[in-house]
């Protein structure tokens, strides 16, 4: 395997051992001085853009691990700086995986984006490496990221975590992985920065939701969008199937099961819309594990209790 493209072909199609070796070869090729030139970076862009789509097609746990780890190695070379959150719906899915290597890959990719997103906070007045990402846009993404992460923490929390006073002492778990990202976010943001309300939330209208009624209205909108998408994709499943999977989710492959309902071979851009909608459903539909309410409602309860 002499190119990154060949490595990913092997990761996705070869046997277990060859797939594992290919995943580890990716790092060597990224940092090698071999003359792949512009072709290498074009391949990396295509691989990253299509990553959620390709991952959803993988059925073997070990192949999912190899793929996620390999993507995390090349992720810093993606060219979507003006939209750094374009893979967040997929990364939130990986962040809840039972495989620690996959969660580590997700933590690595999300925290990579926090750097450029907080440039205007840490170095006010200085020009960012990209002029396409405006401070207002970065603020909207940061607030959305903070809300999603805190919603996940609420959904994943268990009483046993009370005994741990430091993140490093937490047992390996999705909860710990999310806490690691939250810690990075808080470290690079000013104190109380996330509590400011100087944005109209246009880019992320979900950030406007502050009441139970608004959450229920948002849920109805998601139900309508899901029903329409199920018809468009001619899926054999219905809205009730999606609700049941989310309600009884086991924290492992539930999101992947839902995403597969809509997989009809769309291109990466269309599949991104599927991921965003499924992620919204996950955040706004009830989960048995958190008392029969949604992560959005759990987050609302938290803010009401803590002011």
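The values are calculated or read from the model by the stated rules, or taken from the named source; none is laboratory data. In this text, all values refer to a predicted model and were calculated from it rather than measured experimentally. Counting neighbours? That spans all protein chains shown, and the Cβs are built from the backbone with ideal geometry, glycine included.
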Legend entry - Every residue from segment 289-305 that is modelled with pLDDT of 85 or more and either assigned to a helix (DSSP H, G or I) or under 19 Å from the mean Cα position of the chain (by Cα) (or both): 294
Legend entry - Filter result for residue 172 (assigned by TED's automatic domain parsing to the domain that holds residue 189 and in contact (Cβ under 8 Å) with a residue 12 or more places away in the chain): yes
Legend entry - Test: residue in segment 196-205 that is at pLDDT 85 or above and either surrounded by 11 or more Cβ atoms within 10 Å (Cβ to Cβ) or not assigned by TED's automatic domain parsing to the domain that holds residue 88 (or both): no
Inset, instruction - Would you check which residues across segment 160-193 are assigned to a helix (DSSP H, G or I), over 16 Å from the mean Cα position of the chain (by Cα) and closer than 20 Å to residue 97 by Cα and list them? - result: 160, 161, 167, 168, 169, 183
Legend entry - Yes/no for residue 44 being out of contact with any strand residue (DSSP E or B) (no Cβ under 9 Å at 6 or more places or on another chain) and surrounded by 23 or more Cβ atoms within 10 Å (Cβ to Cβ): yes
Inset, instruction - Only helices (runs of 4 or more DSSP H) wholly contained in segment 51-126 count here; list those with 1 or more residues that are assigned by TED's automatic domain parsing to the domain that holds residue 280 and either in contact with a strand residue (DSSP E or B) (Cβ under 7 Å, 6 or more places away or on another chain) or at pLDDT 85 or above (or both). - result: none
